[in-house]
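Here, each number is a calculation from the coordinates, and none is a lab measurement. None of the values given here were measured: they were computed from a predicted structure. Here the Cβ positions follow ideal geometry from the backbone for every residue, glycine too, while neighbour counts run over all protein chains shown.
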Amino acid sequence: MTSQLPPRQTDHYTQLPDTAVVTTRSLLTASENIADTIEARAMMCLHGPAGVGKTLAVNVCLREVERTRGEQVCRITFRARPTARAVRHELFAALGLPGEPPRHPSEFGTVNRSV
C-alpha cells in the first residue's frame, strides 16, 4: 500500500532540530473525531483559524490510521468554499470509481455506500 499522505518530514516545523509532535488535547480530539468518522463511514470537516495546526493534526492522525488499522487513506483538499457538486466529484475521482460521477446527491449517496 502506498500512502497518499505527504511524508512526515514535510509536516510544519518538524524539520527543525530537536522538534517533535506533542500529543495535546486538541490532537487527541482530532484523532477521536477522525476515528469516529471512519467508523460511521462518514465525512468530516475540520475548520479553524490559520496556523493552529489543522493540517498537522490531520496528517498525524491519518498516518496513525494507516499504520495501526492497515487502512488506505485518501486525503482530499478542496478549494475554498467548494460546492456540494464539486465535493461529490472530488470524492468520486479520489475513490477511483468507474464511469461518470452521478449528477444528483441521492445517486451519489447510493454509489458512495456501496464502496
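Some points to look at:
- Gap separating the Cα centres of segment 64-83 and segment 30-63, nearest whole Å: 9 Å
- Using the Cβ-Cβ distance between L16 and I76 with R0 set to 30 Å, the FRET efficiency works out to roughly 0.60.
- All Cα pairs of the chain, percent lying beyond 22 Å: 41 percent
- Positive-end extreme of charge dipole, the chain - chosen from V60, M43, S31 (charges on Cβ): M43
- Of the chymotrypsin sites (Phe, Trp or Tyr not before Pro) found in segment 55-113, those in coil by DSSP whose Cβ has at most 15 other Cβ atoms within 10 Å are F78.
- On full extension, the segment bounded by S26 and V52 gains 8.4 nm, given 0.36 nm per residue less the C-alpha separation.
- Test item: Cα-centred dipole of segment 1-75, Lys/Arg +1 and Asp/Glu -1 on Cβ, debye: 100 debye
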